[in-house]
């Protein structure tokens with residue numbers, strides 16, 4: 001039998017060789033090797049960096065590089081066989097994580113290194129890894145009595161399974177529903193791009209007509225442009241009840257019990273560790289200090305934003321009443337009439353902009369922006385293998401000709417691919433114990449419309465923002481100069497600061513000088529005309545206060561379901577969400593709306609009791625960008641300061657220290673409010 005490809009030495013994953021049957025044996029082997037390494041280093045009793053940390057990092061990196069392509073493939077080209085193999089590894093990985101986190105011998109070895117003379121001789125990054133590791137031992141239940149340790153391990157394993165089940169249900173609920181339109185008259189109002197995509201989807205599925213799905217590129221145009229009320233209603237009801245006990249798929253892929261069990265187990269785990277609730281446990285590793293501080297931060301933003309958000313919504317109501325004789329708006333009407341209002345006010349729509357953002361021009365412009373700011377060059381290459389015909393591969397190098405990293409780019413929506421957009425690690429920058437430099441590799445994933453017919457993929461401006469956002473994460477991962485895995489790239493960065501580079505890079509999507517690089521009509525190459533540009537900039541903050549309070553709704557909901565959990569009452573998810581909406585929402589959704597059942601960020605991602613991080617980091621990113629506004633948006637010196645202070649330093653130093661190093665002071669919230677077009681009468685100078 002040939003060698004398992006997941007156990008080979010490779011620089012890039014051998015996707016073309018991977019089969020589901022390789023997965024479990026490879027992960028079992030890697031975990032066994034990791035455990036053997038632990039025993040070896042403890043027997044050797046050499047508790048120096050080279051004797052203890054370096055060999056552990058080597059073996060853990062091999063495990064991570066075997067698991068990373070599996071986790072990625074399960075998210076982007078899922079199949080029943082791959083899902084089974086992936087999910088079969090979750091208990092193994094969870095058990096290993098608990099084994100390490102509760103290993104008394106390892107804990108004592110790290111403590112010995114921390115209190116040795118060697119510690120002071122280590123680099124800042126190495127010291128941070130040791131300090132973070134000791135903190136993580138405490139958070140893994142190292143001090144618990146044996147019976148409680150066992151219970152902690154059971155909880156960890158079960159939470160891992162629940163997270164995967166939540167994602168699987170959501171993907172299945174999204175993929176297994178569609179709406180077929182057979183009468184052309186029902187397509188009135190839809191942009192041609194959406195009609196073409198729906199016709200193409202029908203054809204691919206051997207159907208006559210136009211096939212609409214719950215994937216965002218299919219769903220969103222219907223909600224924004226379809227004149228047919230019933231079509232919008234059908235789509236809205238299916239989308240907002242995904243993976244729940246409501247709607248057209250009621251109970252089929254229901255996440256209700258998964259969510260309730262997840263919250264109960266998180267609460268129990270937090271209490272085992274001596275925390276009051278899961279939110280308090282979450283803040284042990286965050287930049288923010290406490291749930292009270294974050295609640296105050298969110299409430300402050302709500303107080304500043306809600307009056308304008310209510311005015312935004314009233315404007316839509318008045319518009320629909322005066323122009324369309326609608327005295328009331330249904331939930332599926334809001335996006336539609338908002339878009340009509342936007343077009344009337346600014347004479348512009350996302351669809352009008354789409355021809356100016358073809359894939360190649362956007363990528364070329366993005367890479368030009370990165371070159372101007374940080375002196376980085378991006379070049380497409382052919383990788384040894386890939387996992388889908390639409391995936392592309394690029395390398396990134398600096399102005400000295402040094403390779404810094406590489407990334408796979410997977411832009412289009414398809415069945416078997418998780419929704420949303422994200423950056424994930426394929427390999428992390430590190431120097432091995434044999435003194436070999438491993439370059440970072442990233443997966444950059446989006447869900448945009450693919451090319452249709454002879455047209456290239458054409459992006460909305462929102463999609464351009466999404467691409468820049470994920471590329472910002474990618475730069476944080478790839479441009480690091482830290483050679484220690486635990487704090488290299490995004491590793492070791494406080495979760496509520498990790499969105500800083502991603503949200504920061506979005507700012508260039510609004511700058512005329514940058515838009516001249518990013519845009520170019522797909523037929524003529526003509527950049528975005530000044531008239532359209534001015535309209536787009538004028539419309540930038542259309543309903544921005546409504547968008548702000550919507551994000552605050554999600555953040556407060558997430559915080560409170562974890563902070564206020566009461567085992568005697570159960571999860572109270574709907575009641576808490578209703579209460580938050582009563583405080584900060586501008587309208588109440590229908591009672592059947594089950595947004596929470598598809599809230600993967602907190603039930604299947606890393607954002608539990610941390611969704612506020614988006615707004616927290618947006619304060620950082622807006623304030624960081626304000627330095628470019630002051631000194632020049634393509635000022636290379638400022639760009640290099642950001643590169644050296646933020647992107648290259650990873651998690652080697654606390655986020656607030658790095659921010660102050662770049663900005664010269666603590667972050668202030670005014671830049672965020674100004675960029676969002678939210679005007680308040682309050683004094684400037686409020687800061688985190």
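The values are calculated or read from the model by the stated rules, or taken from the named source; none is laboratory data. Keep in mind that this is a model prediction, so the values were computed, not measured. As a convention, Cβ positions derive from the backbone with ideal geometry for all residues, glycine included, and neighbour counts pool all protein chains shown.
Taking each residue of region 655-674 that is assigned by TED's automatic domain parsing to the domain that holds residue 308 and within 26 Å of residue 308 (Cβ to Cβ) and looking for partners that are buried (at least 19 other Cβ atoms within 10 Å of the Cβ) and at pLDDT below 95 with beta-carbon atoms closer than 7 Å, six or more apart or interchain, yields nothing. Of 30, 11, all but one fail to be under 25 Å from residue 382 (Cα atoms) and either outside any helix (DSSP H, G or I) or outside the structural domain of residue 393 (by TED's automatic domain parsing) (or both); the exception is 11.
Residue-by-condition table, conditions (1) outside the structural domain of residue 276 (by TED's automatic domain parsing); (2) surrounded by 22 or more Cβ atoms within 10 Å (Cβ to Cβ); (3) outside any helix (DSSP H, G or I); (4) touching a helix residue (DSSP H, G or I) at 6+ places or on another chain (Cβ under 7 Å):
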residue	(1), (2), (3), (4)
523	yes, no, yes, no
550	no, no, no, no
577	no, yes, no, yes
589	no, no, yes, yes
601	no, no, no, no
607	no, no, yes, yes
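In region 96-109, the residues that are more than 21 Å from residue 30 (Cβ to Cβ) form Cβ pairs under 6 Å with partners that are assigned to a helix (DSSP H, G or I), at six or more places apart or across chains, as follows: 107/137; 109/52.
Of the listed requirements (1) assigned to a helix (DSSP H, G or I); (2) under 19 Å from residue 414 (Cβ atoms), residue 166 misses just one: (2). Among 302, 279, which is the only one that is surrounded by fewer than 20 Cβ atoms within 10 Å (Cβ to Cβ) and part of a helix (DSSP H, G or I)? Among 302, 279, only 302 is surrounded by fewer than 20 Cβ atoms within 10 Å (Cβ to Cβ) and part of a helix (DSSP H, G or I). Exactly one residue out of 379, 352, 360 is surrounded by fewer than 14 Cβ atoms within 10 Å (Cβ to Cβ), closer than 21 Å to residue 514 by Cβ and touching a residue at least 60 places away in the same chain (Cβ under 8 Å): that is 360. The residues on offer are 505, 465, 537, and the sole one that is in a helix (DSSP H, G or I) and within 20 Å of residue 345 (Cβ to Cβ) is 537. Filtering 504, 554, 542 for residues that are touching a residue at least 24 places away in the same chain (Cβ under 8 Å) and within 17 Å of residue 610 (Cβ to Cβ) leaves a single hit, 554. Only residues that are assigned to a helix (DSSP H, G or I), surrounded by fewer than 24 Cβ atoms within 10 Å (Cβ to Cβ) and free of Cβ contacts under 8 Å to residues at least 60 places away in the same chain were counted in region 623-644, giving 9. Screening residue 57 against (1) touching a strand residue (DSSP E or B) at 6+ places or on another chain (Cβ under 9 Å); (2) surrounded by 20 or more Cβ atoms within 10 Å (Cβ to Cβ); (3) within 30 Å of residue 448 (Cα to Cα) leaves a single unmet condition, (3).
Scanning region 18-52 for residues that are within 30 Å of the chain's Cα centre (by Cα) and buried (at least 16 other Cβ atoms within 10 Å of the Cβ) yields 18, 20, 22, 23, 24, 26, 27, 30, 31, 34. Residue-level analysis places residue 442 among those that are outside any helix (DSSP H, G or I), at pLDDT 95 or above and buried (at least 24 other Cβ atoms within 10 Å of the Cβ). Among the residues of region 93-117, those that are buried (at least 17 other Cβ atoms within 10 Å of the Cβ), over 25 Å from the mean Cα position of the chain (by Cα) and in a helix (DSSP H, G or I) comprise 96, 98, 100, 101, 106, 107, 109, 110, 113. The residues listed here are 248, 307; of these, the one that is surrounded by fewer than 19 Cβ atoms within 10 Å (Cβ to Cβ), more than 18 Å from residue 608 (Cα to Cα) and in contact with a helix residue (DSSP H, G or I) (Cβ under 7 Å, 6 or more places away or on another chain) is 248.
Taking the listed residues 200, 218, 193, the one that is over 30 Å from residue 260 (Cα atoms) and modelled with pLDDT under 95 is 193, with no other qualifying.
Criterion applied to 223, 171 was being touching a helix residue (DSSP H, G or I) at 6+ places or on another chain (Cβ under 7 Å) and touching a residue at least 40 places away in the same chain (Cβ under 8 Å), and the one residue passing it is 223. Within region 160-179, being over 16 Å from residue 71 (Cα atoms) and either touching a strand residue (DSSP E or B) at 6+ places or on another chain (Cβ under 9 Å) or surrounded by fewer than 18 Cβ atoms within 10 Å (Cβ to Cβ) (or both) holds for 172, 174, 175, 176, 177, 178, 179. Any chance you could count how many residues in region 188-241 are assigned to a loop (DSSP other than H, G, I, E, B) and within 18 Å of residue 448 (Cα to Cα)? Number satisfying all stated conditions: 4. A single member of 157, 182 is closer than 30 Å to residue 349 by Cα and either surrounded by fewer than 21 Cβ atoms within 10 Å (Cβ to Cβ) or out of contact with any helix residue (DSSP H, G or I) (no Cβ under 9 Å at 6 or more places or on another chain) (or both), and it is 182.
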